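This report refers to the structure that appears directly beneath it.
The values are calculated or read from the model by the stated rules, or taken from the named source; none is laboratory data. None of these values were measured; they are calculated from a predicted model. Cβ coordinates were reconstructed from backbone atoms using ideal geometry, including for glycine residues, and neighbour counts include every protein chain displayed. Quick note on the areas: whole protein, heavy atoms, side chains included, nothing else; ligands and nucleic acids left out. Shrake-Rupley method; radii C 1.70, N 1.55, O 1.52, S 1.80 Å.
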Amino acid sequence: VRMQNLLLYGIRAKRSFGLANHRYYDLGSPWEFPFSNQDAYPAQIEKGMCLELEAHRIVVQRTTGDRLDLKEMIPSFRHLKAEPEEYILVSPFSSTPIKDYPENDLVSVLLDPLNSNALPVRISFFDPQKEKAERLANRLRLEGVCVEPLNSTSVSEYLDSIRHATCVLTVDTATAHLATTLDIPTVVLIGGGHYMQYGPWHKSVRQVWLTHAVPCVGCNWECKEPEPYCITRIKAGDVAKAIRSVLKGCP
C-alpha cells in the first residue's frame, strides 16, 4: 500500500477531493483511495504555468467552492525574500543524470555571460556530486573564471545560496522552483520527460525555461534515443543569451 493511501485513510472527513492520474504523464499507479469527489487530472494548461499548479487549483476550488485564478496558486514565501549578492549560482546536477546538461556546453555558457558581467560563479551540489562539481570548477578556473564550489550542508544554507544569487542557472532541480518562487533571474534547462507537468512555470519575465523540442516529449524519461536530445541539443548560445536577458530584466 502506498504511503499516500495510508495517510489519506488516516484522515477522518465527511468529504474528500482528489484527481485521477493522467496516464500520458505516467504519474504512477492510479489512486486506490476512494475520493467522494474525484475529477480528471488536467491535460492542458495556459501558457506560463504547469499542470501541477492547475491540479492544485482544481482541488482547492472544489474544496472551498471559490473561483480561483491560476495565478493564485503560484508558490510564494512568507518570510523568505531575495537579497542578491554578486554571483551566479549554478546548480548543474539533477537527481537523475539523464537531465544534466553536457559539461562542455555548460563551460561555454558560463564563459559567455561572465566575460561581459564579471560575475563569479558558485556551484551548488551535494556530496554524491562532489567529484563532478570539482571537475567543472577546475575547468572554469583554467579559463580564468572566479569560481568556488558550494556544498550546502543544510536546507537553510541551500536556501541562502539561492536567495543571495544575482542569477541562477540550473537544470531540472528543486533549485529551479525555489529560485522561481523567489522571482530571481533564472534560466532553467528542462527536458521533455515530464515537460509541462512540473515546469515550465514563471513568477515573472525574469525566469526563462529552455528545452529542445522533440516529438517524443512526455516519454517519462524512458529515452529511446542515443542521448536525451531534449537536453543535449539546447544550444549553448541560446542559454548564454537567456542569461544576459534575465540579468537585464528583459523577457
- Message: Being over 21 Å from Phe126 (Cα atoms), modelled with pLDDT of 95 or more and open to solvent by 50 Å² or more (accessible area, probe 1.4 Å) is the requirement here; does Asp183 meet it?
- Response: no
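State yes or no: is Val208 under 11 Å from the mean Cα position of the chain (by Cα) and at negative phi?
Considered against the rule, which asks whether it is under 11 Å from the mean Cα position of the chain (by Cα) and at negative phi, Val208 comes out as yes.
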- Task: Considering each residue of the stretch 194-213, count those that are open to solvent by less than 30 Å² (accessible area, probe 1.4 Å), part of a loop (DSSP other than H, G, I, E, B) and of a type in the set (A, V, I, L, M, F, W, C), and give that number.
- Result: 1
- Item | Answer from Val239, Val168 - the residue that is within 19 Å of the chain's Cα centre (by Cα) and under 25 Å from Met73 (Cβ atoms) | Val168
- Query: So which residues in the stretch 89-129 are at pLDDT below 90 and more than 17 Å from the chain's Cα centre (by Cα), if there are any at all?
  - Reply: Leu111, Asp112, Pro113, Leu114, Asn115, Ser116, Asn117, Ala118, Leu119, Asp127, Pro128
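Quick test for you: out of Arg67, Arg135, Arg78, pick the one residue that is closer than 25 Å to Gly199 by Cα, loosely packed, with under 13 Cβ neighbours inside 10 Å, over 23 Å from the mean Cα position of the chain (by Cα) and basic (Lys, Arg).
Arg67
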- Of the numbered conditions (1) out of contact with any Ser or Thr (no Cβ under 7 Å at 6 or more places or on another chain); (2) open to solvent by 80 Å² or more (accessible area, probe 1.4 Å); (3) over 30 Å from Asn220 (Cβ atoms), Pro84 fails exactly one; give the number of that condition. (1)
- Query: What residue, of Gly218, Gly191, is assigned to a loop (DSSP other than H, G, I, E, B) and buried (at least 18 other Cβ atoms within 10 Å of the Cβ)?
  - Reply: Gly191
- Query: Does any residue of the stretch 43-59 turn out to be in a loop (DSSP other than H, G, I, E, B), of a type in the set (A, V, I, L, M, F, W, C) and in contact with a Phe, Trp or Tyr (Cβ under 6 Å, 6 or more places away or on another chain)?
  - Reply: yes
- Message: If I ask for residues that are assigned to a helix (DSSP H, G or I) and among the basic types (Lys, Arg), which ones from the stretch 66-112 would you list?
- Response: Lys71, Lys99
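This table checks each residue for (1) at pLDDT below 75; (2) aromatic (Phe, Trp, Tyr).
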{"residue": "Asn5", "(1), (2)": "yes, no"}
{"residue": "Tyr9", "(1), (2)": "no, yes"}
{"residue": "Lys14", "(1), (2)": "no, no"}
{"residue": "Asn21", "(1), (2)": "yes, no"}
{"residue": "Tyr24", "(1), (2)": "yes, yes"}
{"residue": "Gly28", "(1), (2)": "yes, no"}
{"residue": "Phe33", "(1), (2)": "yes, yes"}
{"residue": "Ser36", "(1), (2)": "no, no"}
{"residue": "Asp39", "(1), (2)": "no, no"}
- Note on the structure: Reported set for the stretch 221-234 where residues are free of Cβ contacts under 8 Å to residues at least 60 places away in the same chain and either surrounded by fewer than 16 Cβ atoms within 10 Å (Cβ to Cβ) or touching a Phe, Trp or Tyr at 6+ places or on another chain (Cβ under 9 Å) (or both) is Glu222, Lys224, Glu225, Pro226, Glu227, Cys230, Arg233
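Here is a yes/no grid of residues against (1) over 23 Å from Tyr41 (Cβ atoms); (2) among the acidic types (Asp, Glu); (3) touching a helix residue (DSSP H, G or I) at 6+ places or on another chain (Cβ under 9 Å):
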| site | (1), (2), (3) |
| --- | --- |
| Asp69 | no, yes, yes |
| Arg78 | yes, no, no |
| Lys81 | yes, no, yes |
| Val90 | yes, no, yes |
| Ser94 | yes, no, no |
| Tyr101 | yes, no, yes |
| Val107 | yes, no, yes |
| Leu110 | yes, no, yes |
| Pro120 | yes, no, yes |
